[in-house]
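The structure appears right after this line, and notes come after that.
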Amino acid sequence: MTDESLFGVLAAAARRRSDAALAIWAGAGCVLAVLLGALLPEWRITFLLAVCAGAFGFWGIADRELGEATARGGATGRRVRALRIARDAVAVLGLAAGVLALLATFGAALGTWIS
């Protein structure tokens with residue numbers, strides 16, 4: 001049994017994906033989130049899961065760019081700092097969307113049963 005966390009597993013999964021796959025995750029997540037938010041606002045759990053998918057793709061892209069920028073050694077401190085901020089902000093967004101989706105799912109499951 002390994003001691004890996006959920007975040008470690010997701011980071012490893014994103015790092016194994018190709019650039020095209022990460023772009024598809026990011027693009028599809030964003031497009032689906034916008035469509036669900038505009039056309040079907042009552043599908044909030046699916047909307048939140050689409051945000052998670054988009055965040056996964058964007059995090060992977062930012063992490064890969066950050067790794068390449070620091071490996072080259074020629075990257076400016078400003079670019080590296082911007083990539084770190086973007087990567088961390090997308091991680092927080094994805095985590096928040098995931099937690100909200102989980103809470104909304106529990107709320108829908110409990111519904112009127114609890115009252």
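Brief remarks follow.
- Under the condition of being part of a helix (DSSP H, G or I) and touching a helix residue (DSSP H, G or I) at 6+ places or on another chain (Cβ under 6 Å), the residues counted in the stretch 1-43 number 10.
- Filtered residue count, the stretch 7-21, keeping only those that are farther than 13 Å from ASP63 by Cβ and surrounded by 13 or more Cβ atoms within 10 Å (Cβ to Cβ): 1
- Residue in the stretch 87-98 that is of a type in the set (Val, Ile, Thr), without any contact (Cβ under 8 Å) to a residue 24 or more places away in the chain, in a helix (DSSP H, G or I) and within 21 Å of GLY27 (Cα to Cα) present: yes
- Test result for GLY67, of a type in the set (Gly, Ala, Ser) and out of contact with any helix residue (DSSP H, G or I) (no Cβ under 6 Å at 6 or more places or on another chain): yes
- Any hit, the stretch 22-35, residues being surrounded by 13 or more Cβ atoms within 10 Å (Cβ to Cβ) and over 14 Å from the mean Cα position of the chain (by Cα): yes
- Cβ-Cβ under 8 Å pairs, at least 6 apart or on other chains, the stretch 27-53 side on the phi > 0 side of the Ramachandran plot, far side aromatic (Phe, Trp, Tyr): none
- Qualifying residues in the stretch 71-86 (those that are among the hydrophobic types (A, V, I, L, M, F, W, C) and part of a helix (DSSP H, G or I)) - the one surrounded by the most Cβ atoms within 10 Å (Cβ to Cβ): LEU83
- If you go through the stretch 63-86 and keep only what is within 28 Å of ALA50 (Cα to Cα), touching a residue at least 12 places away in the same chain (Cβ under 8 Å) and of a type outside the set (D, E, K, R), you end up with LEU66, VAL80, LEU83, ALA86.
- Considering residues of the stretch 50-70 that are crowded, with 18+ Cβ neighbours inside 10 Å and of a type in the set (A, V, I, L, M) only, the residue farthest from CYS30 (Cα to Cα): LEU66
Each reported figure results from applying straightforward, stated rules to the coordinates on display, with no laboratory input. All of these numbers come straight from a predicted model, not from anything done at the bench. Note that we place each Cβ from the backbone using ideal geometry, even for glycine, and neighbour counts take in every protein chain shown.
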